[in-house]
1. Considering only the range A:77-102, state which residues are assigned to a helix (DSSP H, G or I), within 29 Å of the chain's Cα centre (by Cα), touching a residue at least 60 places away in the same chain (Cβ under 8 Å) and within 14 Å of chain B (Cβ to nearest Cβ).
2. Check the range B:203-222 and report whether any residue there is hydroxyl-bearing (Ser, Thr, Tyr) and crowded, with 24+ Cβ neighbours inside 10 Å.
3. Could you tell me whether any residue of the range A:354-365 is more than 14 Å from chain B (Cβ to nearest Cβ), polar (S, T, N, Q) and over 20 Å from the mean Cα position of the chain (by Cα)?
4. Can you name every residue in the range B:461-492 that is hydroxyl-bearing (Ser, Thr, Tyr) and either surrounded by 24 or more Cβ atoms within 10 Å (Cβ to Cβ) or free of Cβ contacts under 8 Å to residues at least 24 places away in the same chain (or both)?
5. Going through the range B:681-719 one residue at a time, which ones are within 20 Å of residue B:187 (Cα to Cα), touching a helix residue (DSSP H, G or I) at 6+ places or on another chain (Cβ under 9 Å) and more than 7 Å from every other protein chain (Cβ to nearest Cβ)?
6. Take residue B:285 and tell me if it is more than 26 Å from residue B:388 (Cα to Cα) and either at pLDDT below 95 or buried (at least 24 other Cβ atoms within 10 Å of the Cβ) (or both).
7. Sort out which residues of the range B:633-678 are outside any loop (DSSP other than H, G, I, E, B), more than 7 Å from chain A (Cβ to nearest Cβ), closer than 24 Å to residue A:115 by Cα and out of contact with any helix residue (DSSP H, G or I) (no Cβ under 8 Å at 6 or more places or on another chain), and write them in order of number.
Amino acid sequence: MNHRTEIRFLLNGRNVAVKDVEADATLLDFLRLDRRLMGTKEGCAEGDCGACTVLVGRLQYGQLIYETVNACIRFMASLDGCHVVTIEHLRGENGQLHPIQQAMVNCHGSQCGFCTPGFVMSLYALWMANPEPTETEVETAIQGNLCRCTGYQPIIAAAMAANRYGTPANDFLTKEREAITNRLTALRDGHRVVCGPKDNQAIVPSSVDDLADVLAEFPQATLVAGSTDVGLWVTKFMRPIGPAVFIAHLEELKAITSTESGLEIGAGVTYTEAQASICEAFPHLEAYWDRIAGQQVRNMGTIGGNIANGSPIGDTPPVLIALEAQITLREGSVIRRLPLEDFFIEYGKQDRAPCEFVESISIPRTSPNQRHGAYKISKRRDEDISSGAAGFNVTVEYGIITAAILAFGGMAGTPKRAAAAEAALTGQPWGQAAFTAAGKALETDFQPLSDWRASAEYRITVARNLLQRFFLAHDDQSADATDLLSA
Amino acid sequence: MKHDTITKATQTVSGTVHTNRHHDSAEKHVTGRAEYCDDIGEPQGTLHAYLGVSSVAHGLIKSMDLSAVLAAPGVVGVLTADDIPGENDISPTGLKDEPVFPTEKTEFHGQPLFAVVAESRNAARRAAELAKIDYEVLLHALDPLEAQEAGHPFVTAPLKLERGEIEQGFSVADHWIKGQIKIGGQDHMYLEGQIAFAIPGEDDDVVVHCSTQHPSEAQHMVAHVLGVPSNAVTVNVRRMGGGFGGKESQMNLFAAVAAVAAKKWNCPVKIRPDRDQDMTATGKRHDFVVDYNVAFDECGRIQAVDGVFAARCGYSADLSGPVTDRALLHADNAYFYPHVRLRSRPMKTNTVSNTAFRGFGGPQGVVAAERMIEEIAYALGKDPLEVRKANFYGVAGDGRTLTPYHQEVEDNILPRLISELEETAEYQARRNAILAFNKASKVIKKGIALTPVKFGISFTATWYNQAGALIHIYNDGSIHLNHGGTEMGQGLNTKVAQVVADALQVDFERIKITKTTTEKVPNTSATAASSGTDLNGMAALDAAEQLKARLTDFAAEHWSVDPETVTFRNNMVQVGQDVVSFSDLVRKAYMARVHLSAAGFYKTPKIHWDRAAGKGRPFYYYAYGASCSEVSIDTLTGEYRVERADILHDVGRSLNPVLDKGQVEGAFIQGMGWLTTEELWWDKAGRLRTHAPSTYKIPLASDRPRVFNVNLADWSENRELTIKRSKAVGEPPFMLGVSVFEALSMAVASVADYRECPRLDAPATPERVLLAVERLKAGG
């Protein structure tokens, strides 16, 4: 077979071709150790501090898209055909500082300076997309960047002032857009890439059909989409992942199809890509979506991956279960569908055969007599793993609750519905009494763990209170339904 | 608030004192060209070390089989206690309770037991996991209360501060309240982790690049571990990616391991732990459990205070002595205690040895003081601010100026500062509005609090209050500035260069700021205790003044004029009727063989401290500040948001207002983080489970107050002769974050109509807030 054995991409201004790329080789190590591009820093190596933020440009349906990513958990093999832009590449006109850099200097946005290149990259991406952002938009763009010195105020000020120092129209990436597009197009040769040593092999399939073939050939391969979880297996736990199959680039897995019956989302769709469609179809998810990780992780992580890794504290399963989502699994050309809730068998065990992969998620349209809620509880508002999450879907007909789906994350070994609480609601008139009873029934449904995120007592109390929050939010009698952090 | 101030010299020379000037490395920061330790080019053959750690909290090491480690790919060798040529000790106190690697016993989960050295960091890191260590597990105690119950010893001698007649104070008291508060620790979470890079030289020499706030200590420690004199060891640091106290002593281990390995294999050796190891193997802010007993009258005026401060010190003393001392020295915060007894209990625990962190125990003392104020306010149904005002230190002659450690408070500016902030923050009107809001709102509740800070400036270790600087003027007129302080983001180098620019009346750009190195200034103190600018600015001024005097004498002689007629201004020097450029004067001076290098020195006057008696003047002066925070809490989930914070802070006559403001803002957010979302959590086995940013949550941009008004008290001037009458700024504003904690407490108290002090422990995570709400709703 005619496989390519090297990864090709653009690094700043140059074409690079890297041979022998191992499955677990990261972009950050390549930049710092191989290329000695020292502006990109390692702060945590787990995608949580943003000091390693770089831009990755990629062609999708012919469009060149630049997004911030965490270089620490981005695997080299996933960069095939991409444009990597690091802090060293940033420049203004006539040898001056880039407008973002100048704004950061003038606003005193750096103190120790270690997080600064990462912030500059995040603000750069924001400015390109949205040169006159609101304060909230800036906060969202830097959810994935930690600063321990400044308290953020001067960084926000810099983001808001940047457009005074230069506009995206004059930016070098804007000017080079066509040339870069051509160069990236030229890198696409339609070949599967196979490289690295046998025990640490990286495989980049050329299409979804090719992926099915690859999995038949390597049934034990690690499937890597956004690498926001698998990245940590490597950087934190030093677990071998080879052979690994990289699928983030597969356009066929990136389709979002909106029909009368619902929304079908390809498993490779990232949180960022899904945001607009999801929030339009399911407006109750709008505030929730912004609280999934930070911007860089939303740009990398996929909904398919969030489901497939089976975590009991993933952000999307509870709200998708509440929406009665189904997933499609594929093995070779064989396809099967199952309700998302049935995918999660027990902690660490999902209903997925070794050669199978999650191909898509479909979410039916909601009906007007359904009442929806989506809640995330975490120690810190943004970029935190939930101590508890909930998706509620309660059908009310003529004042009677005729169906209830109450799905929780963080309450058991899997994302799980609260059967007893659902039963307590079903058939009852919509009202405080039913919700009080359902709240009590949660203690039958769940015996949560105590850990560093939350105690069992807090988890069960807050789960009960979220039902109350939901009741207040949808009760016409109640004038007190504010959800503080979503406001 | 506008940050986008255009840096503009208001005087003829650029970058002089009392002007806004951006951080000297700002352009390097934003372009990624600022060089940190890990960015230094590695010579060929550089090896990498990584630590192998203990997997039990307390146990005898029965055997350590490192054969698999040695056999791992890329491994060059291992380092154990047996490889240490000098002394196996890195205790900064000299108590010899902190080995590089223990030999018989491990005393905390994650304690470094050996190091592996390999051709790459990755190889070393992977190999370190392969050790087979057999332990005889012993009982462990993780927190100060467990440690007290288990009869653990103190790691260092406790302190007692006593003034007045404590028994009598309580016997005549109108009211008294006894309570306990648990105050959590804090990880530094500097973005740049610990790192050391040692390059061996000839003879016993070794150069160590290290991210350290205390190069001299690293130097002395490396020498001591290698068994060589200090003159063989050079420690360099250009800048750190944050320190906050975490690199005052915690770098010793890394510097020592890198140096020992570099000498053993005669190769450059770098060691950089990953974030998990950085957080588990290095010390943090001390957790405290404070038992307090406070007596007070009808007006809320304190009559007597009895406090016991038990701290989680970890397995060794490290800096726990001065940290727990400082907790007691700030347990009065801004309040006069007529009768007082304060005792520390620096408990030995089976956890990593806790260390310096911005405020150095002071914040825990302040939180305890504010808790007592809160208790009084709830007991009497008063606004806590009213109780605060009733208890502030007084003015000379009113009998209310003596601290528990017998130092007179001579510079109290809090009455003015508080009243200004109370007015600009519209405290009273907003408090009334919040009380009304809380009556009407069922789920969301608000709270507001205005809290003061008074923070003592100087190292309590009196000998630390000294500094040196070295200035060279080259014969082209360019200036090379060096001093003993280290740059960790605070802008120390910028401020010191401003002092020199002002003294010599030359442009800031003429002065080259250089790395801190033990080769240029010896026996320096840690850049800590907020003292960096106070000490090093004065030392640099001394050096600059010496050079100026030599140039003046030379000019007077050369032009045959009275030295009085020689003045330096605007890059020029007026000599009698003549004007000569600074560069020309320097060149002429050089030709005339004038010594153009000077070493400056400074020691803080007036201070003395008798620890055994608990008496003296440990502090040269106090820095003050106050903040007013408003929060909303969600009583269904415990989540909260800081709606607004107003700050008025005292930095004396600021050397650089915009940098000082940056320190104030950053410190507030860090202090807020400590008391809200930053939670350290150990499991029963003694493993720290919050050991990376995924599990340990420092504030993000969206956590900062929705409205944030920060001002410096621009009318303040240090009454002491500090550098240009400025005041230290590093630590004092950290405690401004206490107002957020107190505001949360008020919001919680509202669910029981403010009848009860909610007694929130810190950090007030959403969980703690919710459980306190539920507790108060249920009736206490």
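1. A:88, A:89, A:99, A:100
2. yes
3. no
4. Selection gives B:486 alone.
5. Listed by number, the residues that qualify are B:687, B:688, B:691, B:696, B:699.
6. yes
7. Correct list: B:657, B:660, B:661.
For (1) assigned by TED's automatic domain parsing to the domain that holds residue B:650; (2) outside any helix (DSSP H, G or I); (3) not β-branched (Val, Ile, Thr), each residue gets a yes or a no:
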site: B:428; (1), (2), (3): yes, no, yes
site: B:433; (1), (2), (3): yes, no, yes
site: B:437; (1), (2), (3): yes, no, yes
site: B:442; (1), (2), (3): yes, yes, yes
site: B:447; (1), (2), (3): yes, yes, yes
site: B:450; (1), (2), (3): yes, yes, yes
site: B:454; (1), (2), (3): yes, yes, yes
site: B:477; (1), (2), (3): no, yes, yes
site: B:482; (1), (2), (3): no, yes, yes
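The values are calculated or read from the model by the stated rules, or taken from the named source; none is laboratory data. Just so you know, these numbers come straight off a predicted model, no measurement behind them. Glycine also receives a Cβ, built like all others from the backbone with ideal geometry; neighbour counts cover every protein chain displayed.
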